[in-house]
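Below is one structure; the comments refer to it alone.
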Amino acid sequence: MKEYQVWAEEVLQKVREKMEWVSEKNQDKIPYTTDANGNYDDRSEEKEWLADDGLNWWTNGFWGGIMWLLYQDTGEERYADIARKSARKLEKCFETYYGLHHDVGFMFLPTAVADYRLTGSLKARRAAMHGANLLAGRFNPAGKFIRAWNEVGESDTRGWAIIDCMFNISLLYWASEESKDPRFRQMAMMHADTVLAHFIRPDGSVCHIVEFDPEKGGMIRSHGGQGYGEGSSWTRGQGWAVYGFANSYAHTGKQEYLDAAKRCAHYCMANIPESGIIPVDFRQPKEPAWEDSCGACVIAGGLLEVAKHVTAPEKDMYVRAAVKILKAIADTRADFGRGCDAIVQNCTGAYHSDTHHFTMVYADYFFIEALYKLTGTGILLW
Ligand code: GLY
């Protein structure tokens with residue numbers, strides 16, 4: 001075993017010990033973040049019909065995803081039971097319909113698709129196919145992109161596409177592989193090609209949001225979104241790009257996707273601070289020094305996916321950068337004790353939000369997933 005694998009296995013042991021009581025304590029919830037006392041909240045209540053922060057909250061697949069990662073590692077049925085409990089609740093979103101969004105990939109890949117892949121459950125396959133069809137229904141043929149969000153405040157979002165969807169389209173790839181119907185893959189590739197053409201700048205940094213004319217399809221402008229501003233470089237979005245293009249390459253073998261993943265990866269690697277602590281935006285001012293440990297874990301996961309597709313010495317470069325980030329998290333931003341239900345601390349939703357440095361369930365997901373990538377014992381849910 002390599003040194004970094006021994007290290008990852010040691011950290012995973014702490015994760016297993018912590019998740020044993022965390023999962024027991026929160027088995028009836030679908031958590032997103034922790035309160036001031038370190039207790040997980042619960043996003044599994046159904047809200048009024050247009051709300052998207054209740055049961056249909058976009059991160060609600062990650063709790064089940066963590067459970068499936070632990071199930072495939074330990075073989076303990078109780079993790080599958082908790083994952084399925086959350087999945088049964090999520091399926092109610094299909095009945096409500098309103099409030100569901102582009103993030104059905106984030107919701108149903110780590111729950112329904114994971115269950116189907118690991119256990120062959122046909123009930124799970126049906127939910128995953130349902131999610132894929134909803135995602136396909138968001139495709140704009142004029143602009144060749146998956147439409148993001150529904151309504152955001154006063155903004156007209158009919159022509160908005162976002163870098164995050166490079167992850168959601170894995171649900172479309174899965175649906176084509178599973179059904180042998182190429183339509184889903186065709187839409188995923190058209191979306192990825194649009195992102196290639198309009199989101200990635202020559203230096204490998206990416207836009208968060210690009211607005212297209214929803215009728216004619218032409219690009220109108222970019223928006224700063226959750227990053228510092230227009231033309232900046234939201235780190236979690238960089239992670240969605242690196243990891244998302246690596247996934248698109250894995251599903252299609254199209255070389256341009258791997259090249260794009262590498263270009264975005266090199267931009268990230270050139271901007272990782274000495275401390276290994278990742279800011280919310282690589283182009284934010286020095287102060288305030290807002291961090292995003294979640295973006296850090298997504299970037300690390302993306303670098304490890306790119307590493308899978310290349311050979312040494314190139315491979316070692318990506319692995320080294322990922323390990324640097326993950327060690328910074330494990331040594332300085334992780335809580336393996338009983339004071340908080342979440343492990344990864346200091347996450348940020350968006351640079352300009354009122355709150356910073358809190359916990360997010362998907363930071364824990366991507367942290368744990370990356371550790372399994374290092375030990376070579378995980379499954380890829382994307
Ligand atoms: N997909 C939204 C986010 O990363 O915050």
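Side notes on the structure shown:
- Residue in region 230-268 that is nearest to Phe199 (Cα to Cα), counting only those that are of a type outside the set (Asp, Glu) and without any contact (Cβ under 8 Å) to a residue 24 or more places away in the chain: Gln255
- Only one entry in Arg263, Arg338, Arg320, Arg333 is more than 16 Å from the ligand (Cβ to nearest atom) and in contact with a Ser or Thr (Cβ under 7 Å, 6 or more places away or on another chain), namely Arg333.
- A residue that is under 27 Å from Trp149 (Cβ atoms), assigned to a loop (DSSP other than H, G, I, E, B), within 16 Å of the ligand (Cβ to nearest atom) and modelled with pLDDT of 95 or more occurs somewhere in region 33-52.
Residue-wise test of (1) within 16 Å of the ligand (Cβ to nearest atom); (2) of a type outside the set (A, V, I, L, M, F, W, C); (3) closer than 22 Å to Lys14 by Cα.
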position: Cys268; (1), (2), (3): yes, no, no
position: Ile278; (1), (2), (3): yes, no, no
position: Phe282; (1), (2), (3): yes, no, no
position: Cys294; (1), (2), (3): yes, no, yes
position: Pro313; (1), (2), (3): no, yes, no
position: Gly349; (1), (2), (3): yes, yes, no
position: Met360; (1), (2), (3): yes, no, yes
position: Phe367; (1), (2), (3): yes, no, yes
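- Across region 214-231, the number of residues qualifying as out of contact with any Gly (no Cβ under 6 Å at 6 or more places or on another chain), outside any strand (DSSP E or B) and more than 15 Å from the ligand (Cβ to nearest atom) comes to 5.
- Condition check for Gly276: under 27 Å from Asp35 (Cα atoms), under 15 Å from the mean Cα position of the chain (by Cα) and surrounded by fewer than 23 Cβ atoms within 10 Å (Cβ to Cβ): no
- The single residue among Ala124, Ala128, Ala87, Ala114 that is in contact (Cβ under 8 Å) with a residue 12 or more places away in the chain, closer than 24 Å to Met166 by Cα and touching an Asp or Glu at 6+ places or on another chain (Cβ under 6 Å) turns out to be Ala124.
- Test: residue in region 192-208 that is hydroxyl-bearing (Ser, Thr, Tyr), farther than 21 Å from Ala296 by Cα and modelled with pLDDT of 95 or more: yes
- Close pairs (7 angstrom Cβ cut-off, 6 or more residues apart or separate chains): under 13 Å from Pro288 (Cβ atoms) in region 342-362, small (Gly, Ala, Ser) anywhere: Asn346/Ser293; Tyr351/Gly227
- Members of region 194-213 found to be in contact (Cβ under 8 Å) with a residue 60 or more places away in the chain, assigned to a loop (DSSP other than H, G, I, E, B) and over 15 Å from Phe282 (Cβ atoms), listed by number: Asp213
- Ile343 being buried (at least 24 other Cβ atoms within 10 Å of the Cβ) and away from the ligand (no atom under 16 Å from the Cβ): yes
- Residue match in region 303-323 (condition: among the charged types (D, E, K, R) and under 27 Å from Asp42 (Cα atoms)): no
- Of the residues screened, Ile200 is one that is away from the ligand (no atom under 16 Å from the Cβ) and within 26 Å of Cys268 (Cβ to Cβ).
Matching residues to (1) surrounded by fewer than 23 Cβ atoms within 10 Å (Cβ to Cβ); (2) outside any helix (DSSP H, G or I):
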| residue | (1), (2) |
| --- | --- |
| Asp73 | yes, no |
| Ala80 | yes, no |
| Lys85 | yes, no |
| Arg88 | yes, no |
| Cys93 | no, no |
| Leu100 | yes, yes |
| Met107 | no, no |
| Pro110 | no, no |
| Asp115 | no, no |
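The values are calculated or read from the model by the stated rules, or taken from the named source; none is laboratory data. Model, not experiment: these values are computed from the prediction. Quick reminder, even Gly has a Cβ in these numbers, built from the backbone with ideal geometry, and neighbours come from all protein chains shown.
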